Structure formats: C-alpha cells, structure tokens
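Take a look at the structure set out below.
The values are calculated or read from the model by the stated rules, or taken from the named source; none is laboratory data. The structure displayed is predicted, hence computed values, not measured ones. Quick reminder, even Gly has a Cβ in these numbers, built from the backbone with ideal geometry, and neighbours come from all protein chains shown. Remember, those area values only see protein heavy atoms, side chains included, never the ligands or the DNA or RNA. Shrake-Rupley method; radii C 1.70, N 1.55, O 1.52, S 1.80 Å.
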Amino acid sequence: MSVEEQPELTPLIIDGPPWEKKHELGFFVAFIETIKSFLMRPASTFSVMRRKAGIGDALVYAVAIQVFTFLWTFALSNGNPEMFLPQSPELREMLDLPENIGQIMVLMYPFSVILLQFISAFAVHLSLKWRGIQSYDFSLVFRIFAYASGTASILLLIPIMGGLFSLVMTVYLVYVGLRTIYAIDAGSFVITAIIALLVTLGLYILGAIGITILLLVLSLIL
C-alpha cells in the first residue's frame, strides 16, 4: 500500500517588505510593490517584516510618499501657500504670523513629517511597554507606523475625501501590523491607541511649551 507524499511546506521567510529588498528588486519596482503589498495584502506583508532592522528605509519610504502627495496637492492649489494658513484675517493678526509664513510652512513640511513619525511611533511604543505587550525594540514599532502612514498617504491623491480615507487606512494598517506581530485583539488595540493618543498630545504640548520658552529666551538675549 503506497503512501502519498505530503507536499513540503514553504518556510516563512522574514525578509520583507519589498522596499527593504530594493537592492535586489530595483528602486521603483520595490517602491510600487511595497505600496501594493500593504494596500492589498497587509497581514501577509507585516508577517514577513524583519523583527530587527534599522529605521532608515521605512523613514525614507514614509517621507517620500508624504512629501510627494503634499507637493501634488500644493501644485493643484496653483502653488498657493495661503491654503495652509487660517483664512480669518483677525486670527492671523492675533497669531502675529510673518508675511512669509506660508513659504516657511512649505519648506518645513518634510521636517514636520519626520517629527510626526518619531512622536507617534514613540507614543505607541510607550503604550505597548506600559501594558506589558512590547517584546521588541522601538525600531519595529517605528517601522510599522512609518510603512502604515506612508502607504496610506497615497490616498490623499483622491479628491475631497482623500484626507479621511488616508487617516482611516493609517489606523487600519497600524492595527493589522500590531495584530500580526504582537497578536493583540481589537479591544487591546483600542486601549493601546487611546493611551498613545494621550501621550502624543502630551508630547506636542510639551514641545510647544519648550519652543515658546526658547523663543522668549532668544528674544530677551537678542
């Protein structure tokens, strides 16, 4: 009596996502494949994400997409930086904004994207750590958030509803990433997200206070 041979199972190779193999796939192929993978097969893509790796690739990916979508939106507004400013003249006067504040905001956008990536990822990292869930280092959470927010930013190209779609997709991809790698359920994710949001707001407030104090000190010195 012959016994049928069982097919060999292909081992799960932890070497992704495609963007981290751009030296093999090529820059543009890896870039497009990474966007497609996270949008169409997020769980599979997160499952093969390296658990230990640097943050450089993920940061470049996130910043590149977000700056591109920002410049695209900016170009559609006929290059008018006023679109990013308060439309009320009274509010502008009260804030005492310089005349070239629009140009400054455009130039500072890439730096604000980088700052947001670090603050948000650090908040999620602290939240996981406080709840005793964090079993990896900060770099993994940073990469999950960077790939999620970067990929979701491509939806900003959708007219009118792009901003909302991008926000929802970012939350969804972060959830899938944490569920896949940390095995947390929806309820645990909600608790983690709320704590992370409070931490993020706290860091922004502390940062704003610090910048205000620094500007006051500089104005007194100069």
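Annotations
Each row is one residue, and each column tells you yes or no for (1) modelled with pLDDT under 90; (2) open to solvent by less than 90 Å² (accessible area, probe 1.4 Å).
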residue: 173; (1), (2): no, yes
residue: 180; (1), (2): no, yes
residue: 183; (1), (2): yes, yes
residue: 188; (1), (2): yes, yes
residue: 194; (1), (2): no, no
residue: 200; (1), (2): yes, yes
residue: 205; (1), (2): yes, no
residue: 212; (1), (2): yes, yes
residue: 218; (1), (2): yes, yes
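- Members of region 151-195 found to be of a type in the set (D, E, K, R) and in a helix (DSSP H, G or I), listed by number: 179
- Checking each residue in region 124-144 for being assigned to a helix (DSSP H, G or I), among the β-branched types (Val, Ile, Thr) and either open to solvent by 30 Å² or more (accessible area, probe 1.4 Å) or under 16 Å from residue 195 (Cα atoms) (or both) picks out 124, 141.
- Only one entry of 120, 112 meets the criterion of being polar (S, T, N, Q), surrounded by fewer than 20 Cβ atoms within 10 Å (Cβ to Cβ) and either within 12 Å of the chain's Cα centre (by Cα) or in a helix (DSSP H, G or I) (or both), and that entry is 112.
- Contact annotation: residue pairs with Cβ atoms under 6 Å, 6 or more positions apart or on different chains, pairing a residue in region 143-167 that is more than 28 Å from residue 48 (Cβ to Cβ) with a partner that is modelled with pLDDT under 90, are 162/156.
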